[in-house]
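To start, the structure itself, in structure tokens.
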Amino acid sequence: MHSLWLLFAPRRQYRHFAQLDKHERCLAFKHCRMPPKGEDWVEISEVRLNWLHQPLPASARLKPQAAQARLHSALAR
């Protein structure tokens, strides 16, 4: 019965992060539940491999308010 409950229980969502260099070019992607350590990681809306070694589009970054709202909704569960 417990495994059936786990099947339908809400799961914490993974978030997407991009590591940027000093010129705002994307060096790496990370898909995790918590923000990576370090100041050079930014949360993004999605991962696109063609962004690697290119400047990260401004539209790809999540606004801090959206990230905070996601955190609050995850904590409310």
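The values are calculated or read from the model by the stated rules, or taken from the named source; none is laboratory data. Remember, it's a predicted structure, so these values are computed and weren't measured experimentally. Methodologically, a virtual Cβ is constructed for each residue, glycine included, from the backbone with ideal geometry; neighbour enumeration extends over all protein chains shown.
Quick look at the numbers
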| read-out | value |
| --- | --- |
| Count of residues meeting criterion [surrounded by 11 or more Cβ atoms within 10 Å (Cβ to Cβ) and part of a loop (DSSP other than H, G, I, E, B)] in segment 22-41 | 4 |
| Qualifying residue in segment 57-77 (condition: exposed (fewer than 10 other Cβ atoms within 10 Å of the Cβ) and modelled with pLDDT of 95 or more) | no |
| Test set (1) touching an Asp or Glu at 6+ places or on another chain (Cβ under 7 Å); (2) surrounded by 15 or more Cβ atoms within 10 Å (Cβ to Cβ) - residue 44 fails condition number | (1) |
| Leading residue by the ranking (modelled with the lowest pLDDT) among those in segment 16-32 that are touching a strand residue (DSSP E or B) at 6+ places or on another chain (Cβ under 7 Å) and among the charged types (D, E, K, R) | 24 |
| Considering residues of segment 37-46 that are over 12 Å from residue 14 (Cα atoms) and either in contact with a Leu (Cβ under 9 Å, 6 or more places away or on another chain) or not charged (D, E, K, R) (or both) only, the residue modelled with the lowest pLDDT | 38 |
